[in-house]
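Here's the structure we're looking at; comments come further down.
No value in this document is a laboratory result; all are computed from the given coordinates. None of the values given here were measured: they were computed from a predicted structure. Cβ atoms come from the backbone with ideal geometry, glycine included; neighbour counts cover every protein chain shown.
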């Protein structure tokens, strides 16, 4: 069996992201959460917030390749200071990014219907406390909107 990654599929997952309370949606190509190789589409709207995080498992490097839109990538030090930003996608500085395990990071959609292909090792495991950024607001907290605006301003410079 094959799955074509075409405009119809991207439109479908973008519509799901628009309808989602989190304003993002993934479409998994791997068959189950405990599969050793995770491959998925991740569609985001500009008001979606992914809390900064890191993956401490040395097998959990992740790769993003932007298929549509523009993604802002932010990398942080242990204190929460932004140490690097990049616009990734058409019109950005790169078409994709590879993030080493242990790196504090987040991504923000800079355009509606931004979609990226994500690849990383499985299995899926929820973040541990050590992988959640203690200096960033939790998802759905009142501080998210101003923090998200600050992150976007840093990327857009």
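Looking only at residues in region 46-64 that are more than 13 Å from residue 103 (Cβ to Cβ) and more than 11 Å from the chain's Cα centre (by Cα), which one is surrounded by the most Cβ atoms within 10 Å (Cβ to Cβ)?
To start, the set of residues in region 46-64 that are more than 13 Å from residue 103 (Cβ to Cβ) comprises 46-51, 59.
Among the residues that remain, those that are also more than 11 Å from the chain's Cα centre (by Cα) are: 46-47, 59.
Values: 46: 17, 47: 14, 59: 10.
If we take residues in region 46-64 being more than 13 Å from residue 103 (Cβ to Cβ) and more than 11 Å from the chain's Cα centre (by Cα), then 46 is surrounded by the most Cβ atoms within 10 Å (Cβ to Cβ).
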> Can you pull out the residues in region 140-157 that are outside any helix (DSSP H, G or I) and more than 21 Å from residue 93 (Cα to Cα)?
Replying inline: 140, 141, 142, 143
> From the residues in region 128-139 that are part of a loop (DSSP other than H, G, I, E, B) and over 14 Å from the mean Cα position of the chain (by Cα), which one is farthest from residue 84 (Cα to Cα)?
Replying inline: 128
